[in-house]
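The values are calculated or read from the model by the stated rules, or taken from the named source; none is laboratory data. This is a predicted model, so every value here is computed, not measured. Counting neighbours? That spans all protein chains shown, and the Cβs are built from the backbone with ideal geometry, glycine included. The accessibility values were calculated without ligands, DNA or RNA, using every heavy atom of the protein model including side chains. Shrake-Rupley method; radii C 1.70, N 1.55, O 1.52, S 1.80 Å.
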Amino acid sequence: MKIAVTGKGGVGKTTFSSMLSRMFAEDGYRVVAVDADPDANLALALGFPREVYDNIVPISEMKKLVSDRTAAETGTFNKMFKLNPKVDDIPEKYCQEYNGVKLLTLGTVDSGGSGCVCPEHVLLKRLCSHLILQNKDVVVMDMEAGIEHLGRGTAQGVDAFIVVVEPGERSLQTYRKVKKLGNDIGVKQVYVVGNKIRNKEDEDFIKSNLEDGESLGFIYYNQDVINSDRSNQSPYDVSMKTKDEIKIIRDRLIKIKENKKQLSLETLT
C-alpha cells in the first residue's frame, strides 16, 4: 500500500498522515512514514519524544551522503553527477522508529529555482521512486500542497493520492490543482478526505465539489485532537472517535488496493 497525502497548509494532512500510519502499524503492517513537507513536523504528530525529534537530520541536509551517492559536491548546478544514485539502503539506515512506525524525513532543496536539477533534488526524487515502486512496506507520504516529489512513473505506482480538505473554497482549490497535476502525469484517481467537519452541511458542501467515488470519508472537528499539539501528544492517543472515523477511511483504502490488484490480475489473464 503506497499512499500520498497532500493538501493546503493547515488542513490537517500531517495529523491524518500520522494517525493513518499509526493505525496500519497497530494492525501489524511494516510502515514507513515519509515527511516530504518542507515544514517537517510529522515526527511530533507520530509521538516522537522531543529529544529524538530535535536530532533528526533530513536526508537533503546530509551533505556527505548526498555527495557520496551522486558523486558530486552538494549545491552544484550544471555539473556532472549520477542521475541514478544508490538509495535502497537509505530507509533502513536512516529511518527513526517510534510507536511501530519508521520515519524518514526528506527535507527540502533550498538552492536553485523551480525544477532545479542538483544532487540533492536527484537523490530525493530517486529515493521517493524506490519507496513507492520497490519498497515492500506500507508507505505514507506527508507531502506539501502538490506532487513535486513524484515523477510520472513513480506517481503511477501510488495506490491512493489523498487530498485533505476543509469545508471551504480555498481548500478545494488545492484539491483541483492536485487533481490537474495528477492527470498531467497519468494519475487516474485522486481521493479526498474531509477534515474539521462540523455538521452534515459541511459534508454536503465537500461532496458537491467532487465526482462520484472520490470521497474517502470525513473527520469531524475534535478539540482533543487540536489540543494534542499543545501537550506534545500524538493525536492517535487522544481520541477514539477520530480513530473510528479514520478506520473507515483505512478500510476503504484497503479495498482500493484489493480492487487495483484484482484489475491487474484480470489484465494479465
| query | Farthest toward the dipole's positive end in segment 1-40, which of Gly28, Ala4, Ser18, given Cβ charges of +1 (Lys, Arg) and -1 (Asp, Glu) about the Cα centre? | reply | Ala4
| task | Could you name the lysines whose alpha carbon sits less than 18 Å from that of Lys63, not counting residues in the same chain fewer than 8 places away? | result | Lys79, Lys82, Lys86, Lys93, Lys125
| query | Once you charge only the Cβ atoms, +1 for Lys and Arg and -1 for Asp and Glu, what is the size of the charge dipole of the chain about its Cα centre, to the nearest 20 debye? | reply | 620
| query | What is the packing order of peptides 4-13, 230-239, taking the mean over residues of other C-beta atoms within 10 Å and listing the highest first? | reply | 4-13, 230-239
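Ranked highest first by the average count of other Cβ atoms within 10 Å around their residues, in what order do 58-71, 30-43, 201-214 fall? Mind dumping the intermediate values first?
Numbers: 58-71: 17.9, 30-43: 22.2, 201-214: 14.0.
Highest mean packing first, the order is 30-43, 58-71, 201-214.
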| message | Could you give each residue of segment 126-135 its phi-based ³J(HN,Hα) in whole Hz, using Karplus coefficients 6.51, -1.76, 1.60 with θ = phi - 60°, and x for Gly or Pro? | response | 5, 5, 4, 4, 5, 4, 7, 9, 10, 5
| query | With every protein chain left in place, what is the accessible area per residue of the chain in square angstrom, probe 1.4 Å? | reply | 49
| query | Gain in length, Asp204 to Ile248, computed as 0.36 nm per residue apart minus the alpha-carbon separation, to one decimal in nm? | reply | 14.0 nm
| task | Collect residues whose amide H, placed 1.01 Å from N in the peptide plane, falls under 5 Å from the amide H of Tyr220; neighbours closer than 5 in sequence don't count. | result | Ile197
| field | In Å², nearest 10: area of Ser215 left accessible to a 1.4 Å probe | value | 40
| request: Pick out, from Tyr191, Ser215, Leu265, the residue whose Cα sits farthest towards the positive end of the charge dipole of segment 114-269, with +1 on the Cβ of Lys and Arg and -1 on the Cβ of Asp and Glu. | output: Leu265
| field | Residue-wise HN-Hα coupling along segment 207-220, computed from phi with Karplus coefficients 6.51, -1.76, 1.60 (Hz; x: Gly, Pro) | value | 4, 5, 9, 10, 8, 4, x, 8, 7, 8, x, 9, 10, 7
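Would you calculate a helix-derived [θ] at 222 nm for the chain, using -39,500 (n - 2.57) for each DSSP H run of n ≥ 4 and dividing by the full residue count, to the nearest 500? Walk me through the numbers on the way to the answer.
Details: 11 runs with 116 residues, N = 269.
The helix contribution divided over the chain gives -13000 deg cm²/dmol.
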| request: Could you pull out every residue, at least 5 positions away or on a different chain, whose amide H is within less than 5 Å of the one on Ser215? Hs are placed 1.01 Å off N in the peptide plane, and Pro or chain starts have none. | output: Val192
